[in-house]
1. May I ask you to list the residues in the range 81-100 that are surrounded by fewer than 19 Cβ atoms within 10 Å (Cβ to Cβ) and of a type in the set (A, V, I, L, M)?
2. Among the residues of the range 171-183, which ones are open to solvent by 60 Å² or more (accessible area, probe 1.4 Å) and without any contact (Cβ under 8 Å) to a residue 40 or more places away in the chain?
3. Among the residues of the range 1-46, what is the count of those that are modelled with pLDDT of 85 or more and of a type in the set (K, R)?
4. Of all residues being assigned to a loop (DSSP other than H, G, I, E, B) and touching a Cys at 6+ places or on another chain (Cβ under 9 Å) in the range 144-170, which is most open to solvent (accessible area, probe 1.4 Å)? Just the residue, please.
5. F182 fails exactly one of the following numbered conditions: (1) of a type in the set (F, W, Y); (2) part of a strand (DSSP E or B); (3) under 19 Å from G70 (Cα atoms). What is the number of that condition?
6. Counting just the residues of the range 55-80 that are under 13 Å from the mean Cα position of the chain (by Cα) and open to solvent by 50 Å² or more (accessible area, probe 1.4 Å), which one comes out farthest from L160 (Cα to Cα)?
7. Looking at (1) surrounded by 20 or more Cβ atoms within 10 Å (Cβ to Cβ); (2) in a loop (DSSP other than H, G, I, E, B); (3) of a type in the set (K, R), can you tell me which one R141 breaks?
8. Kindly check whether there is at least one residue in the range 203-226 that is open to solvent by 20 Å² or more (accessible area, probe 1.4 Å), assigned to a helix (DSSP H, G or I) and at pLDDT 95 or above.
Amino acid sequence: MSTNSASTLTTAAVQPLLRLLESKGLSIEELVQPGFNARHGQFCSQRMSIAQFDRLLEQASKLLGEPAIGLAAGQQMELTNFYLLTFLLSGCHTGREALTLLRRYYSLISDTRSPDLFVGQQSIKLVYYVGEGTAFGCQARSELIASSIHAAGKAFGDNLYQIQGAGFRFPAPPYRERLEQFFGVPLQFGQPHNWVSFSSRMLDKPLMHTNPDLFGRLRRQAERAV
């Protein structure tokens, strides 16, 4: 399922692309559009359209000769890019609370539809939605989101997180093996929705590094931001 073409996302999503370019010795000026301030913390309060982000993805892919730009950028993702949301999630007591907050405050990342959760006895299936855009951009964003979910699961769930599978709406790409090596599980393509599935054993287990006082203050700030 897609959302309308006017959807936006936080410009913090560009940071992995910039790190990827810099790691290859390329200047960020070769990617970033004139007048778009992409320096460090100045990302966090800005928004950009899906169409703008898709153009950046395609430009980065051409500059780097990297068809799997969504995966490559996802491997550069740092959870601190998303500031307020990251701190909120890190203050959650359980995986269930973290997943609930992710859905509640997803608009801090993008105003596309929030992910849906399907909880079973052994697994959790998280279905996420990609806003309308170019075919290349939709595929790259699907890979980027799935990579970020996987990275967040490992960071917040520690040894409780165990991916069980992932599926994408697009057909299997030539670099399918690279994707499966990153996720560590067989992947499914041509699916009705994009999804990631992982073990439910982390759902009600206590997470590390909780800070109730800080969590309360950040949640009030998130409510105002939403």
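1. Of everything in the range 81-100, just one residue is surrounded by fewer than 19 Cβ atoms within 10 Å (Cβ to Cβ) and of a type in the set (A, V, I, L, M), namely L84.
2. Across the range 171-183, the qualifying residues are P171, R176, E177, Q181.
3. Of the residues in the range 1-46, 2 are modelled with pLDDT of 85 or more and of a type in the set (K, R).
4. Out of the qualifying residues, it is R169.
5. Here F182 meets the rest and fails (2).
6. As a first pass, look at the range 55-80 and keep what is under 13 Å from the mean Cα position of the chain (by Cα): 70-80.
Next, from what is left, pick out any that are open to solvent by 50 Å² or more (accessible area, probe 1.4 Å): 75-76, 78, 80.
Details: Q75: 21, Q76: 23, E78: 20, T80: 21 Å.
Result: Q76.
7. Of everything listed in (1) surrounded by 20 or more Cβ atoms within 10 Å (Cβ to Cβ); (2) in a loop (DSSP other than H, G, I, E, B); (3) of a type in the set (K, R), R141 misses just condition (2).
8. no
The values are calculated or read from the model by the stated rules, or taken from the named source; none is laboratory data. This is a predicted model, so every value here is computed, not measured. For neighbour counting, all protein chains shown are included, and Cβ atoms are generated from backbone atoms with ideal geometry for every residue, glycine included. Ligands, DNA and RNA are excluded from the accessible area calculation, which covers all protein heavy atoms including side chains. Shrake-Rupley method; radii C 1.70, N 1.55, O 1.52, S 1.80 Å.
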